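Engineer: Questions regarding the structure given below will be posed in turn.
What follows draws every value from the coordinates through simple rules; no lab data is involved. Bear in mind the structure is a predicted one, so any value in this text is a computation, not a measurement. Here the Cβ positions follow ideal geometry from the backbone for every residue, glycine too, while neighbour counts run over all protein chains shown.
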Amino acid sequence: AQSVTQLGSHVSVSEGALVLLRCNYSSSVPPYLFWYVQYPNQGLQLLLKYTTGATLVKGINGFEAEFKKSETSFHLTKPSAHMSDAAEYFCAVSEDSGGYQKVTFGTGTKLQVIP
Amino acid sequence: EAGVAQSPRYKIIEKRQSVAFWCNPISGHATLYWYQQILGQGPKLLIQFQNNGVVDDSQLPKDRFSAERLKGVDSTLKIQPAKLEDSAVYLCASSFQARGNTEAFFGQGTRLTVV
């Protein structure tokens with residue numbers, strides 16, 4: 001069974017500082033990995049995804065994530081935090097299962113950006 | 001391209017009442033998901049449709065929850081009777097295909113409060 005662990009339900013960074021949100025996954029097959037962002041009272045929006053190929057993937061708003069198979073990790077980073085990055089971030093793992101997609105979300109990390 | 005539409009945005013009901021949520025996915029998207037997101041948690045899959053057939057409803061409390069997707073397009077999720085613990089945001093999402101590497105597009109959600 002697949003699972004996702006996001007370390008730290010709340011992360012605070014100063015504006016301009018590095019953002020690092022941690023995600024570890026468990027999957028019995030090569031996984032597809034996603035990061036979604038959720039702003040207050042909104043649905044989830046895709047930031048980036050890893051499917052195959054290059055292990056460093058770039059997404060919207062300056063975010064990127066690196067797939068590390070040996071560490072079963074897919075941590076999300078951004079070099080310089082902006083006030084508009086304050087939101088909740090969800091890591092998700094997906095597998096092809098019986099002809100359809102099976103997705104499991106982490107519990108989320110709420111990012112606070114301090115001016 | 002129009003996004004996933006959900007209604008209503010907010011709903012307050014008393015316990016033991018019934019409620020229904022509506023979702024219109026992105027045109028051409030074969031896969032439709034209903035998620036329950038309790039405050040402070042990640043989205044939990046309730047039911048997944050491929051066209052108008054159910055492919056996963058393993059976490060749907062079938063004694064009180066029901067869902068249908070008529071003609072493989074719009075979908076309705078119903079709760080009858082509601083319990084206090086059903087208070088959550090109900091998210092509808094759709095994706096173009098059932099492959100594991102496909103991202104989902106989310107609606108803004110319906111916030112349900114059961115009092």
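Engineer: Which cross-chain or sequence-distant (5 or more) residues have an amide H under 5 Å from the amide H of A:Ala87, H modelled 1.01 Å from N in plane?
Structural biologist: For A:Ala87, whose amide H was placed from the backbone, the distant partners under 5 Å are A:Leu111.
Engineer: Taking just the alpha-carbon atoms of region A:47-115, what radius of gyration and Dmax come out, in angstrom?
Structural biologist: 13.7, 48
Engineer: Over the Cα atoms of chain A, what is the Rg over Rh ratio if Rh follows Kirkwood?
Structural biologist: Values: Rg = 13.8 Å, Rh = 14.3 Å.
With Rg and the Kirkwood Rh in hand, the quotient comes to 0.97.
Engineer: Compute the signed sum of charges (Lys and Arg +1, Asp and Glu -1) over the other residues within less than 13 Å, Cβ to Cβ, of B:Ala30.
Structural biologist: +3
Engineer: Sorted by mean Cβ packing within 10 Å, highest first, what order do the peptides A:40-51, B:60-71, B:100-111 take? Kindly include the intermediate steps, with their values, before the conclusion.
Structural biologist: Values: A:40-51: 17.9, B:60-71: 14.3, B:100-111: 21.2.
Per-residue Cβ counts within 10 Å, averaged per peptide and sorted highest first, yield B:100-111, A:40-51, B:60-71.
Engineer: May I ask you to order B:90-97, B:35-42, B:10-17, A:84-91 by the average number of other C-beta atoms within 10 Å around their residues, highest value first?
Structural biologist: B:90-97, A:84-91, B:35-42, B:10-17
Engineer: Please give the FRET efficiency for A:Gln112 paired with A:Ile60, using the beta carbon to beta carbon distance and R0 = 22 Å, rounded to the nearest 0.05.
Structural biologist: Working: r = 20 Å, r/R0 = 0.91.
Once rounded, the FRET efficiency stands at 0.65.
Engineer: Which three lengths, in whole Å and largest first, does the protein assembly as shown cover when its Cα atoms are put on their principal axes?
Structural biologist: In descending order, the Cα extents are 48, 40, 34 Å.
Engineer: Under a cut-off of 16 Å between alpha-carbon atoms, report the lysines in cross-link reach of A:Lys58, not counting same-chain residues fewer than 8 places apart.
Structural biologist: Qualifying lysines at Cα under 16 Å: A:Lys49, A:Lys68, A:Lys78.
Engineer: Could you grab the relative contact order for chain B? Cα pairs under 8 Å, six or more apart, rounded to a whole percent. Mind dumping the intermediate values first?
Structural biologist: Numbers: 290 pairs, mean separation 42.6, N = 115.
Relative CO of chain B lands at 37 percent.
Engineer: With springs only between Cα atoms under 10 Å apart, run a GNM on chain A and tell me which of A:Ser28, A:Ser73, A:Ser14 wobbles the most.
Structural biologist: Residue with maximal mean-square fluctuation among A:Ser28, A:Ser73, A:Ser14: A:Ser28.
Engineer: Ordered by residue, what ³J(HN,Hα) values in Hz, to whole numbers, does region B:90-107 give under the Karplus form 6.51 cos²θ - 1.76 cosθ + 1.60, where θ = phi - 60° and Gly and Pro are x?
Structural biologist: 9, 9, 9, 9, 9, 9, 5, 9, 8, 6, x, 8, 9, 7, 9, 10, 9, x
Engineer: Which of B:Ser7, B:Ser58 has the fewest other C-beta atoms within 10 Å, and how do the rest follow up to the most? Display every interim value, and only then the final one.
Structural biologist: Working: B:Ser7 13, B:Ser58 9.
Exposure proxy ranking, most exposed first: B:Ser58, B:Ser7.
Engineer: Determine the distance separating the Cα centre of region B:36-72 from the Cα centre of region A:16-34; give it in Å without decimals.
Structural biologist: 25 Å
Engineer: Here is a follow-up. Which lysines have a Cα less than 27 Å from the Cα of B:Lys71, not counting those fewer than 8 places away in the same chain?
Structural biologist: Correct list for B:Lys71: A:Lys102, B:Lys11, B:Lys44, B:Lys62.
Engineer: What are the radius of gyration and Dmax of region A:1-51, computed over its Cα atoms and given in Å?
Structural biologist: 13.2, 38
Engineer: Using only the Cα atoms, work out Rg/Rh for chain B, with Rh taken as the Kirkwood radius, to two decimals.
Structural biologist: Numbers: Rg = 13.3 Å, Rh = 14.0 Å.
We get a ratio of 0.95 for chain B.
Engineer: Tell me, what does the Kirkwood hydrodynamic radius of region A:31-86 come to in angstroms if you use every pair of distinct C-alpha atoms?
Structural biologist: That comes to 12.1 Å for region A:31-86.
Engineer: Report the net charge of residues surrounding A:Thr104, where surrounding means a beta-carbon distance below 11 angstrom and charges are Lys +1, Arg +1, Asp -1, Glu -1. Numbers along the way, then the final one.
Structural biologist: Details: positive: A:Lys102, B:Lys44; negative: A:Glu95.
Neighbourhood net charge equals +1.
Engineer: Here's something else I'd like to know. Per residue of region A:91-104, in order, report the coupling 6.51 cos²θ - 1.76 cosθ + 1.60 (Karplus, θ = phi - 60°) as ³J(HN,Hα) in whole Hz, putting x for Gly and Pro.
Structural biologist: Here the 3J(HN,Hα) series is 9, 9, 10, 10, 9, 7, 9, x, x, 9, 8, 10, 10, 10 Hz.
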